[in-house]
Amino acid sequence: MNYEEALGVMGTDKVTGFTGEITGYTRYLFGCDQLLLKPIKLTKEGAALDGNWFDYTRITLGKRIHSREDFKGSKDIKVKETITGPDIPGKIK
């Protein structure tokens, strides 16, 4: 499976029936590669639901709902970097 091509495709876990858009993938050195399924439905309050990771062998692929072309140019957005929390360098004595 080409994981890059699976991004933006609907997937369903064969075991639980959990369905969502494939929004991420991970490859492990000593383990099963996994896909992140993010539900496209919202809660009653309009909040997004959390995604879940599944072994890629358990996923049945469906139709494509997004592609990288849908977000073309988003990587060009400049974001001002702000350092907060424990990343703030301490004073050197």
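Read-outs: derived from the displayed coordinates by stated rules, not from any lab. Computed from a prediction, not measured in an experiment: that's the story for all the values here. Cβ placement follows ideal geometry from the backbone for every residue including glycine, while neighbour counts extend to all protein chains displayed.
The calculated FRET efficiency for the pair Thr26 and Asp70, based on their C-beta separation and a Förster distance of 25 Å, comes to about 0.65.
Specify whether the C-alpha gyration tensor of region 3-66 places it in the rounded, prolate or oblate class, a ≥ b ≥ c being the square roots of the eigenvalues: rounded for a/c under 1.5, otherwise prolate if a/b is larger than b/c and oblate if not. Walk me through the numbers before you get to the answer.
Working: a/c = 1.83, a/b = 1.64, b/c = 1.12.
Prolate shape, in that a/c is at least 1.5 and a/b is the bigger ratio.
Annotation note: chymotrypsin sites (Phe, Trp or Tyr not before Pro) in region 1-52 located in DSSP loop regions with a Cβ neighbour count of at most 15 within 10 Å are Tyr28, Phe30. Spin-label pair Phe18-Arg58: with each label point 7 Å from Cα along the Cα-Cβ axis, the two points sit 0.7 nm from one another.
Treating the beta-carbon of each Lys and Arg as +1 and of each Asp and Glu as -1, no other charges, what is the dipole magnitude of region 1-63 about its Cα centre, to the nearest 20 debye? Could the numbers behind the result be given before it?
Numbers: 7 positive and 8 negative charges, 37 e Å.
Taking the Cα centre of region 1-63 as origin, the dipole is about 180 debye.
The gain in end-to-end length when the Tyr3 to Thr43 segment is fully stretched comes to 11.6 nm, 0.36 nm per residue minus the alpha carbon separation.
Which of the trypsin sites (Lys or Arg not before Pro) found in region 1-69 are loop residues per DSSP with 10 or fewer other Cβ atoms within 10 Å of their Cβ? Intermediate values should be presented prior to the final figure.
Numbers: sites: Lys14, Arg27, Lys41, Lys44, Arg58, Lys63, Arg64, Arg68; in loops: Lys14, Arg27, Lys41, Lys44.
Hits after loop and neighbour filter: Arg27, Lys41, Lys44.
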